[in-house]
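Take a look at the structure set out below.
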Number of protein chains: 2
Amino acid sequence: MQNRRTERGAFFPVFWKTDSHYNLVDFHKVFDLSQPEEITIAVEGTYNIKIDGKAIAGFPKTITIPKGHHKLSLKVYNQAHVPTIYINGRTVKTDSSWLVTFEDKEWIDQSGKVSDQSGTTWLNAGSANLNEITDLPSQYALPVKLLKPVQSEIQQDGILYDFGKETFGFLKLLGVQGQGQVAIYYGESKEEALSTSHCETLDQIEIQNSIPRDHTLNLSKAFRYVYVVPLNGVQLDSIAMDFEYAPLEDKGNFICSDAQVNEIYEVAKYTFHLTAREFFIDGIKRDRWIWSGDANQSYLMNYYLTNDSPTVERTMIALRGKDPVTAHINTIMDYSLYWFLSIYDYYRYSGDPSFIKQFYPRMKSLMKYCLSRRDQNGMLQGLAGDWVFIDWAEGLSKEGAVSFEQVLFARSLEAMALCAEIANYPNEALEYQEMAETLKSKIFDMYWNSEKGALVHNAISGKPTDHVTRYANMFGIFFDYFNEDQKLQVKNKVLLNADVPKIVTPYMRFYELEALCAMNEQAYVLDQIKSYWGGMLELGATSFWEEYNPDKKGIEHLEMYGRPFGKSLCHAWGASPIYLLGKYFLGVKPVNPGYTTYQVKPQLGGLQWMEGTVPTPNGQINIYCSSKEIKVRADEGIGTLYINSVNKPKTNTGQIVHLGGDNYTLELRPNTNYLIKYKAL
Amino acid sequence: MQNRRTERGAFFPVFWKTDSHYNLVDFHKVFDLSQPEEITIAVEGTYNIKIDGKAIAGFPKTITIPKGHHKLSLKVYNQAHVPTIYINGRTVKTDSSWLVTFEDKEWIDQSGKVSDQSGTTWLNAGSANLNEITDLPSQYALPVKLLKPVQSEIQQDGILYDFGKETFGFLKLLGVQGQGQVAIYYGESKEEALSTSHCETLDQIEIQNSIPRDHTLNLSKAFRYVYVVPLNGVQLDSIAMDFEYAPLEDKGNFICSDAQVNEIYEVAKYTFHLTAREFFIDGIKRDRWIWSGDANQSYLMNYYLTNDSPTVERTMIALRGKDPVTAHINTIMDYSLYWFLSIYDYYRYSGDPSFIKQFYPRMKSLMKYCLSRRDQNGMLQGLAGDWVFIDWAEGLSKEGAVSFEQVLFARSLEAMALCAEIANYPNEALEYQEMAETLKSKIFDMYWNSEKGALVHNAISGKPTDHVTRYANMFGIFFDYFNEDQKLQVKNKVLLNADVPKIVTPYMRFYELEALCAMNEQAYVLDQIKSYWGGMLELGATSFWEEYNPDKKGIEHLEMYGRPFGKSLCHAWGASPIYLLGKYFLGVKPVNPGYTTYQVKPQLGGLQWMEGTVPTPNGQINIYCSSKEIKVRADEGIGTLYINSVNKPKTNTGQIVHLGGDNYTLELRPNTNYLIKYKAL
């Protein structure tokens, strides 16, 4: 996945350490059989198979396990691909209950790890739903479907094809004949495809066909437009493409009275799906890589749309890699920190502690790396090799200890404390919690400027500057690090203050709008969504962009990184309305992990009505809300519906609780249709 | 290499963590060209190539580098095989001066590491003499030559072939016709090959030939005898084999007046060559694995025979693997410790500090692991997952803190101190030296029993036992840990004491005889060599064994591990006479690293004469010694010849220095033929 990017025809892999799979893996499971059982075996790799420790000669494809209590084990070596096994019998089958080891021989006795007498750590096997013996994991590819261009246009040297919207997949040249080359120039915009000298991706294909043949290209590309230029007497009939997609089901939904918001939601969904592949990647043209900060937003959107846990887990594992830690994730300090937050979020939405239990040692070693790089004030400054990213923004200072990084660091320590508790290391949980508290108070001592009513941006040589940016302040809001007075000051003096440099990436607008939502500024946020994302739609966007600055004009919008078409026009972080509308308009979020308890706090923010679904681990929550009534139904968990009404609302069931003022709550039980009418209307 | 063992037809890989190569590697070198230069490029992997940071589209096979100062870089991804590059131009060529990184982004500023501004560590590329563009590193295989059996014998179900001596390679079935199977049973002994139910290795081949064809088996095997049993109407003409060997040149030699010793030396050489493959392995039938304790002896023999540095480096790297350290090397505590000793020995014999400089960080992390496992007395006891090996010997106690392990541990700390100095970490050198001193004094406090005149075997719960074994005592001798009085006591009360359990493996006899040689007991050692290794020859050995206990009879000699043919009859550690004869009879060893200074101290030990060669980094030292005269010639370095004579010897050149008593020395200059005659004779 990290090696599929090209730039103008040159291979362009990531610029950080990439780890391999374990190439020698031992799998085992113990069975109690009431009768002998024949099993079918398929393995990717060189292997042996043992019953009760005794190896069977050769590479058997079927064996019979005698009745009784038996241990079945396989040891598999595979350097090129991940060692995998497939066993199918009447009751003996491969699944995630099998235990695996790469024979680390580590003896860890405090935690939930299973260790045998030799000190070998056994973990649960990774598994995938490949249920046919012919479904080789190493050959796995996402499904494709055939798409044809919707339009074509003759240009000077060839034909420009338009697929109607941003798309992704394998180009097909149809009916190609002759000897020579075909040059292919891809564009997310028409201008890019026609710029043979500056388009970001291109292909050059050698043709030697005496009769017409079809060619499908090996490497997928992102494009809406394709400019095909046959050279030297090569001819072709037309083109098409194999559109490649991850088959993730939409379990969440949102629709409302505002057609523009609905269109924004649909394009956000499409953007999300294009970038939700084997892993959650940043953009489909560029970088096509897995980035922790980008992925953190994809996870959150996923919880409100596809709620696919395997893709979240795969992405988190791929980002972390293996020990030893030699650099920050993606080389970016903030991206290591987002990773901790992502793991705890995943637990909160899924309720599944197994990822934390299995990966706690790697959380710990990454945190150890971060802690080892603190300055004399216990804060993180960029050291050699560290990229302090924050956001794409002109003139953004990364000097000294940046407050934004410390706020993320504090939250990461809190996440570690929670995860240590879950992984059954209570003493470590206490240590992390203490470190978090210490750091939080240092943050306020160092950065809080009461005159500015804000955390300042950075401190140089231990001295705070008086420069204010939005970053630390907006995270401080939804991390709940401010007191009520500070919150109000931050809202008015930073978030709603046009003099503080504005944010021009959907990436940081995600958090900016989240902070405003957390302060019940839904009406303002809705306006922002409509003007910012709506602004991209007005410019013809069919997917949301890496960056959008409304002040730019024309082809300026396509530029980035000093390249005329450098900008990615389909970037995962552009899809955040999915999250904002689900979490802060429908108002649904888990309170206890996995929605065992949850809250529903619908806020129309000026909409006449809205209707939607939020997925939960084993079901969904449906909400309809208008200015007159609320309807709610959930499949699982105990919810609390928050209603803001000047008079006591009526409900078809249950007891409305008055919280004081205009605030009422209603307890939601599973599988019950609730109808709440505002008495006052 | 670690995955080529089979046991009765079942795949049998190692039982410890194995690491992969780095799958994404950046290579670069800076050139100053007086004219433009076209280069040819071959790469194993997906790659890009950049001049001065600018990528060239596609995967070019030739490019032209403009004249002037330019940086050429390639980034290569390869999961299945090691990323490799081959560049050939007039002056621009790939070699070990290219720098590589896997983009660890680690910033290390104290040492000899080259780091760029981003903190990336650049190391020298590994290189091999594959000078044709078609020599793909991934396809590298050792050369083979055709061998035919010397004898065959019809047996009940098939034919038993004898290749005349222990051999290793790919069996060939010649002129095979019919439909069905051929069963192949291998034996290092005739008994083993004929024991279809208990031979250690076997093959079962499917045949479907309407006309006669030859089949060469895919996996090499070790054997002298092969019992071929065609089943179900399959016929074959004969068999042969592709004998596989590492093309290592013999640079050392030894010949003497004793024919039996000469035969022992020849069989030791053959044993060494059979086990010196891509790496130094333990045995060719079993385990075919790389074991640190075994390899430590192979390195030392290598310095007196083939002096091949690449095989030493490859083996040391393969043993160590990558960080993090999760277990001892080969899971064996002593084998981690031998690894430190091996590295320092390698520097002593080769004079090349580059291995230490590049791998010092991995030395440090392995030592950190060892140090983290000390008990409250600062000693190493076996913890869960640790194998305390010492030697194969019945009833050998591994309980508590074994003195042998502490002696190795102390020596390892001394080796770390020396390596830290070489790698330019003087403070760490001091720390290791202090730890070594502390441990050594603790060893004597804990284990020295003045009544027994020996270090006792172990201490249980901090209390020394009164059990004496040879292990710690013999290492203490040649590590020079005893004072003169202790040495004499150890010699008489342990080494020459028949009541102390005797050693039955050539492995530990290596060190036992080394200790005796270090105490000038060459005459005794020669007797031991003749009876112990000679004893194997008398039993028909054509290579030396894993274990030899003269008290056993008949097929008892073939048994081990509870299996009738479990013993390996060609084991690297059987070849130690190569080392003993070179180092302690010819008496040659480096004093300063790389033979810049060295000593020659010939000791006939009862031989009438001996003649031999010892390789040095860039030449050799030739010695002839009889009871009447010594001849010496060296290509490099400054030597000191030690002569023991009651009267002052005569020399054709130079000044004999009288050291007092019967001891004289002569300084040896390069490229000079020295002839020394004992005046008294």
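The values are calculated or read from the model by the stated rules, or taken from the named source; none is laboratory data. Because the structure is a prediction, the values reported are computed rather than measured. Quick reminder, even Gly has a Cβ in these numbers, built from the backbone with ideal geometry, and neighbours come from all protein chains shown. Ligands, DNA and RNA are excluded from the accessible area calculation, which covers all protein heavy atoms including side chains. Shrake-Rupley method; radii C 1.70, N 1.55, O 1.52, S 1.80 Å.
Loop by DSSP (not H, G, I, E, B), at most 13 other beta-carbon atoms within 10 Å: where is the longest site-free stretch of chain A for trypsin sites (Lys or Arg not before Pro)? Longest site-free region, per DSSP loop and neighbour criteria: A:91-552. With 50 Å² as the minimum drop in accessible area between chain alone and full protein complex (1.4 Å probe), the qualifying residues in the range A:78-94 are A:Gln79. Per residue, the accessible area of the protein assembly as shown comes to 40 Å² when a 1.4 Å probe rolls over the protein heavy atoms. For the range A:458-559, the set of GluC sites (Glu not before Pro) satisfying both a DSSP loop assignment and a count of at most 15 other C-beta atoms within 10 Å is given as A:Glu559.
Relative contact order of the range B:118-271, taken over Cα pairs closer than 8 Å and 6 or more residues apart, is 30 percent. The distance between label points at B:Gln155 and B:Gln139 comes to 3.8 nm (points 7 Å beyond Cα on the Cα→Cβ vector).
With the gyration tensor restricted to C-alpha atoms of the range B:116-237, the semi-axes of the equivalent ellipsoid amount to 40, 18, 14 Å, longest first. The 1.4 Å probe gives accessible areas that order A:Leu123, B:Leu641, largest first, as A:Leu123, B:Leu641. Counting only DSSP beta bridges with both residues in chain A, the antiparallel share comes to about 95 percent. Between copies, the label points of A:Pro66, set 7 Å from Cα on the Cα→Cβ line, lie 7.7 nm apart, reported in increasing order to one decimal in nanometres.
The number of Lys pairs in the range B:534-644 with C-alpha atoms less than 25 Å apart, excluding pairs fewer than 8 positions apart on the same chain, is 10.
A dipole drawn for the range A:1-115 from +1 and -1 charges on Cβ atoms has a positive end, and of A:Val100, A:Ile49, A:Gln2 the residue lying farthest that way is A:Gln2.
For chain B, the Cβ-based charge dipole about the Cα centre amounts to some 940 debye (Lys, Arg positive; Asp, Glu negative; other atoms uncharged).
Note down the nm distance, to one decimal, between modelled labels 7 Å out along Cα→Cβ at A:Lys50 and at A:Asp635. Distance between the two pseudo-spin positions: 4.3 nm. Label-to-label distance, A:Glu132 versus A:Gln599, with points set 7 angstrom from Cα along the beta-carbon direction: 4.9 nm. Computing Rg and the Kirkwood Rh from the Cα coordinates of the protein assembly as shown gives a ratio, Rg/Rh, of 1.02. Simple point charges give the picture: +1 on the Cβ of Lys and Arg, -1 on the Cβ of Asp and Glu, and for the protein assembly as shown a dipole about the Cα centre of about 80 debye.
Sorted largest first by accessible area at a 1.4 angstrom probe radius, with every protein chain in place, the residues B:Ser531, A:Ser292 fall in the order B:Ser531, A:Ser292.
Calculated FRET efficiency, A:Ser461 to A:His198, Cβ-Cβ distance, R0 = 35 Å: about 0.25 to the nearest 0.05. Suppose we compare each residue of the range B:15-32 in its chain alone and in the full protein complex with a 1.4 Å probe; which ones drop by at least 40 Å² of accessible area? With the partner chains in place, the range B:15-32 has these residues losing at least 40 Å²: B:Phe15, B:Lys17, B:Thr18, B:Ser20, B:Asn23, B:Leu24. Pairs of Lys residues in the range B:186-313 are counted when their Cα atoms are under 20 angstrom apart and they lie 8 or more places apart or on different chains; the count is 6.
State the Cα centre-to-centre distance between the range A:36-61 and the range A:611-681 in whole Å. What the calculation gives is 56 Å, centre to centre.
Of the solvent-accessible surface of chain A, computed with a 1.4 Å probe and all protein chains present, 48% belongs to carbon and sulfur.
So, R0 is 56 Å and r is the distance between the beta-carbons of A:Ile656 and A:Trp392; what FRET efficiency does that work out to, to 0.05? Efficiency for this residue pair is about 0.75. Distances between copies at B:Thr134, taken between label points 7 Å from Cα along the C-beta direction, are 3.9 nm in increasing order.
Charge dipole of the range A:487-530 (Cα centre as origin; +1 on each Lys and Arg Cβ, -1 on each Asp and Glu Cβ, all else neutral): 60 debye, rounded to the nearest 20. Computed from protein heavy atoms with a 1.4 Å probe, the total accessible area buried between A and B is close to 3500 Å². Within the range B:455-479, list the residues whose amide N lies under 16 Å from a label point set 7 Å along Cα→Cβ of B:Asp485. Residues B:455 qualify, since their backbone N sits under 16 Å from the label point. How much of the pair distance distribution for chain A lies past 34 Å, counting alpha-carbon pairs only, in percent? Tail fraction, whole percent: 53. For the range A:358-395, accessible area lost to neighbouring protein chains reaches 20 Å² or more, against the chain alone with a 1.4 Å probe, at A:Ala384, A:Gly385.
With a 1.4 Å probe rolled over the protein heavy atoms of all chains, the accessible area of B:His273, B:His658 falls in the order B:His658, B:His273, largest first. Here the sum of -39500 (n - 2.57) over DSSP H runs of 4 or more residues, divided by the residues of chain A, equals -8000 deg cm²/dmol at 222 nm, to the nearest 500.
Its relative contact order, with pairs defined as Cα atoms under 8 Å and 6+ residues apart, puts chain A at 10 percent.
The same position B:Val150 in the other copies lies at 8.3 nm from this copy, comparing label points 7 Å beyond Cα toward the beta-carbon, shortest first. Calculated from the alpha-carbon coordinates, the range B:584-639 shows an Rg and a Dmax of 11.0, 32 Å respectively. When only Cα pairs below 8 angstrom with a gap of at least 6 residues are kept, the range A:268-352 shows a relative contact order of 29 percent. Return the FRET efficiency for the residue pair A:Asn377, B:Leu231: r is the Cβ-Cβ distance, R0 is 60 Å, and the value is rounded to the nearest 0.05. Calculated value: 0.15.
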